[in-house]
1. Taking Cα centroids, how far is region 104-158 from region 27-95 in Å?
2. Using only the alpha carbons of the chain, what is the convex hull's orientation-averaged projected area in square nanometres?
3. Calculated from DSSP H runs of 4 or more alone, at -39500 (n - 2.57) each and per residue, what is the 222 nm mean residue ellipticity of the chain, nearest 500?
4. Label points 7 Å out from Cα along the Cβ direction at SER141 and VAL160: separation in nm?
5. Skip the ligands, DNA and RNA, and give the accessible area per residue of the chain with a 1.4 Å probe, whole Å².
6. Label points 7 Å out from Cα along the Cβ direction at ALA150 and LEU102: separation in nm?
7. Compute the length gained on full extension between LEU87 and ARG168: take 0.36 nm times their separation in residues and subtract their Cα-Cα distance, giving the result in nm to one decimal.
8. Please give the contour-minus-distance gain from ALA61 to ALA75: 0.36 nm per residue of separation, less the Cα-Cα distance, rounded to one decimal in nm.
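The values are calculated or read from the model by the stated rules, or taken from the named source; none is laboratory data. None of these values were measured; they are calculated from a predicted model. Note that each Cβ is placed from the backbone with ideal geometry, even for glycine, and that neighbours are counted across all protein chains shown. Heads up: the accessible areas ignore ligands, DNA and RNA and are worked out on the full protein's heavy atoms, side chains in. Shrake-Rupley method; radii C 1.70, N 1.55, O 1.52, S 1.80 Å.
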Amino acid sequence: MTINTNDQNSRVGIVMGSKSDLPAMQAAVDILKAHDVPCDVRILSAHRTPMEADEYVSGAASRGIQVLICGAGMAAHLAGAFAGRTLLPVIGVPLNASLGGLDALLATVQMPPGVPVATVSVGKAGAKNAAWLALRIMALSDPQIREALAESVRAMSQAVLDADAGLRD
Ligand code: RP5
């Protein structure tokens, strides 16, 4: 699987701790691409490549990144380490690499006061919601994203209504 990464115009950084996280995190990439939001997609580990992870996050805001999405499993410190290094909003996706993802959920959500990580649900559903949340954050200052997001929300509602109508037919 190849992903076009590190667009000069990237507005969202999607970072995961391991290649094994990509099947879940791909869902975030897909949603942002569908809304024409250019992203960086990187594999960087708070534990295995701390220097490279630090270099990435410390330059993110000045490169035009507005939101960071971090996916990691096990002792998931990537999102928290990023939140301690930048003033950008950081969204953490706990991934199920062990213990059903409970270890990663607690490691991601239990941040000390003053260093928030917006933690979404475990796994692929969380990766999707990380992208939807990033879109909502960017929609505050970008009318084009706001309109595209509103259209997607309308389409989601319509899909439920269609499924309901299909059941009743
Ligand atoms: C974490 O450890 C990664 O985010 C991954 O979810 C987990 C296992 O990594 P691998 O051993 O599969 O590379 O750092």
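1. Distance between centres, Cα-based: 13 Å.
2. Working: hull surface 43.9 nm².
The orientation-averaged projected area of the Cα hull of the chain comes to 11.0 nm².
3. On the way: 6 runs with 80 residues, N = 169.
-15000 deg cm²/dmol, from helical runs alone.
4. Taking the simple label geometry, SER141 and VAL160 are separated by 3.1 nm.
5. Details: 9110 Å² over 169 residues.
Here the per-residue accessible area is 54 Å².
6. Here the modelled spin labels are 4.3 nm apart.
7. Numbers: separation 81, 0.36 × 81 = 29.16 nm, distance 4.97 nm.
Using 0.36 nm per residue and subtracting the Cα-Cα distance, I get 24.2 nm.
8. On the way: separation 14, 0.36 × 14 = 5.04 nm, distance 2.58 nm.
My answer for the length gained is 2.5 nm.
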